[in-house]
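Asker: Here it is, the structure in full.
FYI, it's all coordinate maths here, none of it is from the lab. Since the model is a prediction, treat every value here as computed from it, not as a measurement. Ideal geometry is used to build each Cβ from the backbone, glycine not excepted, and the neighbour counts take in all protein chains shown.
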Amino acid sequence: MITPMRVFVLIFNARTENEGIHTVRIGDRNKILMFESEDDATRFALMLEAQDFPVPTVEALDAEEIKEFCDSADYDWEIVPENSNLVITPPELNVEETDWQPDAQQEDTDEEIFRPNPAEQAEPDLSDTELEKMRRKLEGLL
């Protein structure tokens with residue numbers, strides 16, 4: 001008998017009516033990350049939280065259940081091996097309105113979906129390239 005593979009996923013609003021699973025958006029596809037290591041999932045969750053994502057809960061689930069859910073929801077999935085590089089590079093963009101919120105309108109980006117802050121109406125004084133350089137320097141300090 002094959003023992004079910006236990007993996008760890010990130011759940012938002014765990015055990016509520018508004019529960020949702022963390023996905024990474026790549027193009028127009030959602031992908032669920034299944035971590036082999038609870039420690040890696042926890043580190044990834046903490047990095048998301050540090051980037052102003054909602055606080056996720058790490059949940060242990062059977063990998064086959066997640067794969068079945070992905071098939072039914074037309075999501076992709078990926079098993080993240082223990083100590084993978086992915087756990088040190090969470091997505092940089094956040095979803096302001098999540099898929100499980102009704103009437104969410106979203107704009108696609110390379111990895112995640114985000115909505116610009118409406119308070120940012122004025123043109124920035126710095127170019128996008130300059131802002132990107134500054135952001136990378138600040139991230140390097142962390």
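Asker: Once you place label points 7 Å from the Cα toward the Cβ at K31 and T16, how far apart are they in nm?
Answerer: 2.8
Asker: At a 10 angstrom cut-off on C-beta neighbours, averaged per residue, how do the peptides 41-49, 66-74, 27-35, 130-138 rank from highest to lowest? Don't skip to the answer; put the middle values down first.
Answerer: Working: 41-49: 18.6, 66-74: 13.3, 27-35: 16.9, 130-138: 10.6.
Top to bottom by mean Cβ count within 10 Å: 41-49, 27-35, 66-74, 130-138.
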